[in-house]
1. Hey, how many Å between the Cα centroid of the stretch 25-92 and the Cα centroid of the stretch 118-179?
2. Looking at the chain, what % of the alpha carbon pairs are farther apart than 30 Å?
3. Pull up all non-local amide H partners of Gln362: gap of 5 or more, or a different chain, and H-to-H distance under 5 Å with H placed in the peptide plane.
4. Based on the mean of other Cβ atoms within 10 Å per residue, sort peptides 146-152, 88-94 so the most packed one is first.
5. So what's the back-of-envelope 222 nm ellipticity for the chain, counting only DSSP H runs of four-plus at -39500 (n - 2.57) apiece and dividing by all residues, rounded to 500?
6. How long is the stretch 201-366 along each principal axis, judged by its Cα atoms, biggest number first, in Å?
7. Order these by the 10 Å Cβ neighbour count, fewest first: Val87, Val281.
8. Compute the convex hull volume of the Cα atoms of the stretch 22-74, divide it by the residue count, and report the result per residue in Å³ as a whole number.
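Values quoted throughout were computed directly from the atomic coordinates according to the rules given, and no laboratory measurement underlies them. Remember, predicted model here, so these are calculated numbers, not experimental data. So basically every Cβ, Gly included, is an ideal-geometry build from the backbone, and we count neighbours across all protein chains shown.
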Amino acid sequence: MALKDLDLPKTQRAIVFPARGQAEVREVDVPRFFDDDGPWNVVLRPLAVGRCPSDTASCEEEFPPGFRLPSATQPVVPGHEQVVEVVGASVAAQRAGIEVGGWYVYDINIGCGEPDCYPCAVQKRPGIDCSKGTLFQGIGAANESWVLRQTGLRHVPGSYVYDPVERRGGIMVGRHTQLLPLDRSRLRGEADLAVLTQADALACAFMAIRGVAKLHAWEEGFRPALFLIGGGGRIAYWLAEAALAERGRDGVDLFLADVDADRLAMTAERLGLPQGNTYLVDPDDPDAFSTAAIRRGLAILEKGRAFNLILDAAGHKYVGAAATNRMFLEKVLDRNGTYITTAHGGIPGVEAGAFETVFANQRFAGALSPHRYIPRAIAYLQANISRYAPHMVITHRELDDSLAQKVRIAGKDPDIGRGANTYIAMWHRDPTWTQRSPDGGTTR
């Protein structure tokens, strides 16, 4: 069946960001910019959607850089951590192996794919490397011109869409090249399905860890030490899991730091960290990330030892440029070490080019690119579903204003990521599946 012949509803309910810092639920038109002969050649239905700080970064116009929310007549529809079902697919998509009715993780990091873009057309690199600017579907576009040219929209709607009549996920339009298959037979309950929404986050973690795994300090005959700031949260948790997957539990020493004692203790327990590998940060202490303070907080750390990798998952909320620079210059970060931030807007004022930093071969990098690691993340999540499913908290089964406000503040919610918990809107309903309640309990 051609895409234009699909029997789709005319409207659906969606979360929208009508203006900076605002979120509401509206009835919107179902998107119909699909094209059997073009790149936007699959119609999708979201089954499960995870909340992410990138939602807040979009709502606050912090990410992508230079992004501004479209006009009120074309508001942003967020949602980018999702598992989807294929409702319709072009002949080209089906020839590429896409199955109507199949379940997939959808990669929202999209390049233009146009013939004059060398990374897309010649190098066949991931969309994150597009020379014309990446579209982060459900978040925003780094360059709206090619998106507008291809779709007629400044923003391609994400997965917070809902069909109130059928009481299930609404309709998205996407590209078949962004669909990554999952093994449906491994899923025994909705929490298992929810785990797969974390493929993008784990892929970013794999990319960050692999980016430093080849450094000189990692190849020497001792275990590297990783210091994860904001270590009680979800992103730092996935960084820890990626490090353990790469190096093995005997191949890396993990240390966590956080301002929340309960969150810190819960995540350390879930990661199986030894007592003494956590540092409770005083957010009011300007010297909290000095060498002296860190060594007092981590008394177990060997004298003279520095960290091969520091991952700042708290961003500039608690760790500003002054503290970051101090960790470089006081050699909290080891020579040949890498400092990685997850702050969407970077950390203005960081002296990554200072002589002391360059001479010590220290690096400053980000952890927001999944690159080519989503398939690996899917495989790893599916192999470890029983470990991660208990962290999935199903909060909403319908799309309403309470969900809209939760999405708006996802990056500021003190509970998001608590103990590596992930908060999921579940549109898929299967009466034979085990269900998970908002308090973490299970029901039938």
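1. After rounding, the separation between the Cα centres reads 6 Å.
2. Roughly 43 percent, once rounded to a whole number.
3. Amide H to amide H, under 5 Å and 5 or more residues apart or across chains, Gln362 pairs with Asn336.
4. The packing order, highest mean first, is 88-94, 146-152.
5. Mean residue ellipticity at 222 nm (helix-derived): -7000 deg cm²/dmol.
6. Here the spans come out as 39, 37, 33 Å, largest first.
7. Ordered from fewest to most neighbouring Cβ atoms within 10 Å, Val87, Val281 come out as Val87, Val281.
8. It is 143 Å³ per residue.
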